[in-house]
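The values are calculated or read from the model by the stated rules, or taken from the named source; none is laboratory data. Remember, it's a predicted structure, so these values are computed and weren't measured experimentally. So basically every Cβ, Gly included, is an ideal-geometry build from the backbone, and we count neighbours across all protein chains shown.
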Amino acid sequence: MKQFFWWCLIASLSQCVVSIRQVNVQKQWFRYPGNPGIRMRLTKKGANHIKTVGVQIFNDYISQLKGYSTSMPFSQIGINGIVNLKNMHVKNYRSPQVSVLNFLPPSHVVLGLENLDIGLGSEFTANAVPIVVEGSLVGTITGMTVALTTELLTDVTGKMNAVVRNCSALIANSHITLNPTGPMAIFVKTFEPMINDSVRQRIPEIFCSRLQNLIEKNISKLFEFITRINLEDYFPKMKNGERDVMNMFISHLAKGMYVDNRMITQPLITMDYIETNHQGEIQFEGLTEPTPFFPRPMEQMFREPLSDHMAHFYVSDHLLNSMLYHAYQDNRLAMKIDESNLPKEMKSFVSTQCPSKKHQTFVCVGYLIPEIGRLYPDSTTSFAILPHGLPYVMFNRDGMAVEIKNRILTYATPDDNPKNRSQILVFSINGQADITFAPTNESLNARFNLNRFNVRLHRSAVRGIDETSIARLSPLSKTFIAPRLSAAVEKAARFPMQDTIKFVNPVIKNYDGFIGLSTDFHLEKAKIQDIVRKSIEF
């Protein structure tokens, strides 16, 4: 009996309905907008890890700087002119010896880079009419310190954005060497000290301009991967021409599934963490109907201090309930089981008469419920499983509770007359299961515990059948449906984006209406670099 309920439970959490429905307002729905479905807090510890990876990307960027042009006037011994520098590029680079990240409430982050060295090269043209001298320039900038103040913002599309509000760069030492060509080379060399001073003054401007361009153009691109998280790839794929009922069902459910994780407020920065608030809904590609309910406030989290983890994720039960609602509305929570979509080893189960071999009898519906076998001999049964009402998920102090209502229609079709199908049973299963989490570095590791289970027989064309008789069908769920759905759910419950970020020693804390996941993490540098190469405009 428990196995049969578990089958229906997981089916309700992963499927869709048979027709578009008008869903009445549920008493559990929260009707007031404004609260996040997902709230994230990045602590100083986590931000410093991101800074370390970011500085490495910054180093790669600076080492590739090239193509910059500038000009500066000069005046000496009555001669006035302009020096034009073109194709300025970095020849060598030593990364900062110290990097510091500070939070500046309510919306700014300050990055400090200390003691970095840059070797420069450039072509130059000195023009003092009627004299024109060309040549090359090499220089070294040592002991440069950069302070960058950036404001984090949410743009109109719900993406993270950034505006550089202040950038300053101080240079401890600089040395410029001119290599002019032509008969006036010695004359131009006399301007070397003046040009050195001009370049020293201009380098901070060039450096900050490029750094500002890098940040303001690309921050939103780098954060796109958390604004919309594609979930379809986390479910098993169905092969072309495949008729397996479970793979068909899972593939239909997962098609176009994604997390709408757009930000709904401006980021909040305190001295201890950066907080972002997100839509936190599961939607399906191509569906435009809004979710008619909203997340509840996450009030309890403000009464407790943060643990010493890099990041904290707070997830409302709205995330799963939005998925169930849209799946229900888009016909994804129904399942039909018949002989054509069962694997070979299970096809005999739906028969009303079990095929026999020596020393072996195959289990079938006719064996489990003899009344059906007697009234419908030499027939094949089929089952239609329909959600009878919207499933609902509730996070609580013990974990998660799931309420489901399924109606199951059972048919019998004579083997010699496939057009003469008869409905023989209609029954419903209502129940509740508690789900607890014991997270690993890879997944939530959900565990199910059934605490309420009710079977109700609505109609029967077979005398002698009651709720107890229906429970005998549990081998179908125990040997086939439950293991397959369990494997699919286990895979889907794995943390997303593990090729980009790996969680380390995550801890779950349960609240009323949401759960909190606190974890350290490790960014996969190779994947981040790949994202940077594809996304960033240098």
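Things worth noting here:
- Selection from the stretch 299-333 of residues that are in a loop (DSSP other than H, G, I, E, B), modelled with pLDDT of 90 or more and over 22 Å from ASP520 (Cβ atoms): ASP317, ASP330, ARG332
- Criterion (within 14 Å of ARG39 (Cβ to Cβ) and touching a residue at least 60 places away in the same chain (Cβ under 8 Å)) met by exactly one of LEU324, LEU306, LEU320: LEU306
- Counted residues, the stretch 211-233 - those being surrounded by fewer than 16 Cβ atoms within 10 Å (Cβ to Cβ) and farther than 30 Å from PHE284 by Cα: 2
- Selection within the stretch 485-499 - part of a loop (DSSP other than H, G, I, E, B), at negative phi and either of a type outside the set (S, T, N, Q) or modelled with pLDDT of 80 or more (or both): ALA493, PHE495, PRO496, ASP499
- Complete set of residues in the stretch 401-410 that are of a type outside the set (Asp, Glu) and surrounded by fewer than 20 Cβ atoms within 10 Å (Cβ to Cβ): ALA401, LYS405, ARG407, LEU409
- Hits in the stretch 237-255 (condition: surrounded by 15 or more Cβ atoms within 10 Å (Cβ to Cβ) and part of a loop (DSSP other than H, G, I, E, B)): MET238, ASP244, LYS255
- Members of the stretch 302-361 that are small (Gly, Ala, Ser) and more than 25 Å from LEU517 (Cα to Cα): ALA327, ALA334, SER340, SER348, SER351, SER356
- If you go through the stretch 181-198 and pick out every residue that is on the phi < 0 side of the Ramachandran plot, in contact (Cβ under 8 Å) with a residue 12 or more places away in the chain and not aromatic (Phe, Trp, Tyr), you end up with 10.
- Condition met for SER174 (at pLDDT 85 or above, surrounded by 14 or more Cβ atoms within 10 Å (Cβ to Cβ), within 53 Å of the chain's Cα centre (by Cα) and not β-branched (Val, Ile, Thr)): yes
- From the list GLY431, GLY373, the one residue that fits, being in a helix (DSSP H, G or I), in contact with a helix residue (DSSP H, G or I) (Cβ under 7 Å, 6 or more places away or on another chain) and buried (at least 16 other Cβ atoms within 10 Å of the Cβ), is GLY373.
- Residue pairs whose Cβ atoms lie under 7 Å apart, sitting 6 or more positions apart in sequence or on different chains, and linking a residue in the stretch 245-268 that is assigned by TED's automatic domain parsing to the domain that holds LEU231 to a partner that is aliphatic (A, V, I, L, M) and in a loop (DSSP other than H, G, I, E, B), are VAL245/LEU342; ASN247/MET238; MET248/MET238; SER251/MET238; ALA254/LEU231; MET257/LEU231; TYR258/LEU231; VAL259/LEU231.
- Residues of the stretch 277-308 satisfying the condition of being touching a Leu at 6+ places or on another chain (Cβ under 9 Å) and within 25 Å of LEU152 (Cα to Cα): ASN277, GLY280, GLU281, PRO295
- Residues satisfying the stated conditions in the stretch 86-116, i.e. closer than 22 Å to SER63 by Cα and aromatic (Phe, Trp, Tyr): TYR93
Matching residues to (1) among the acidic types (Asp, Glu); (2) part of a strand (DSSP E or B); (3) in contact with a Leu (Cβ under 6 Å, 6 or more places away or on another chain):
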{"site": "LEU113", "(1), (2), (3)": "no, yes, no"}
{"site": "THR125", "(1), (2), (3)": "no, yes, no"}
{"site": "THR145", "(1), (2), (3)": "no, yes, yes"}
{"site": "LEU153", "(1), (2), (3)": "no, yes, no"}
{"site": "VAL156", "(1), (2), (3)": "no, no, no"}
{"site": "ALA162", "(1), (2), (3)": "no, yes, yes"}
{"site": "ILE176", "(1), (2), (3)": "no, yes, no"}
{"site": "ASN179", "(1), (2), (3)": "no, yes, no"}
{"site": "ILE186", "(1), (2), (3)": "no, no, no"}
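- Scanning the stretch 366-411 for residues that are among the hydrophobic types (A, V, I, L, M, F, W, C) and more than 14 Å from ALA334 (Cα to Cα) gives LEU368, ILE369, ILE372, LEU375, VAL393, MET394, PHE395, MET400, ALA401, VAL402.
- Some residue of the stretch 353-364 being within 48 Å of the chain's Cα centre (by Cα), at pLDDT 90 or above and assigned by TED's automatic domain parsing to the domain that holds ARG296: no
- Subset tally (residues that are free of Cβ contacts under 8 Å to residues at least 60 places away in the same chain, in contact with a strand residue (DSSP E or B) (Cβ under 6 Å, 6 or more places away or on another chain) and not acidic (Asp, Glu)) for the stretch 229-244: 1
- Near pairs, Cβ below 9 angstrom, 6+ apart or cross-chain, from the stretch 214-226 (free of Cβ contacts under 8 Å to residues at least 24 places away in the same chain) to any residue that is surrounded by fewer than 17 Cβ atoms within 10 Å (Cβ to Cβ) and assigned to a helix (DSSP H, G or I): none
- Every residue from the stretch 501-513 that is buried (at least 16 other Cβ atoms within 10 Å of the Cβ) and over 23 Å from VAL402 (Cβ atoms): ILE501, LYS502, PHE503
- Out of THR276, THR288, sole residue that is of a type in the set (Ser, Thr, Tyr) and either in a loop (DSSP other than H, G, I, E, B) or free of Cβ contacts under 8 Å to residues at least 12 places away in the same chain (or both): THR288
- Boolean, GLU151 is farther than 18 Å from SER198 by Cβ and surrounded by 17 or more Cβ atoms within 10 Å (Cβ to Cβ): yes
- If the condition is being among the small types (Gly, Ala, Ser) and farther than 16 Å from ASN321 by Cα, then the stretch 277-298 contributes only GLY286.
- Among the residues examined, TYR411 qualifies as of a type outside the set (A, V, I, L, M, F, W, C), more than 30 Å from PRO295 (Cα to Cα), touching a Phe, Trp or Tyr at 6+ places or on another chain (Cβ under 9 Å) and modelled with pLDDT of 90 or more.
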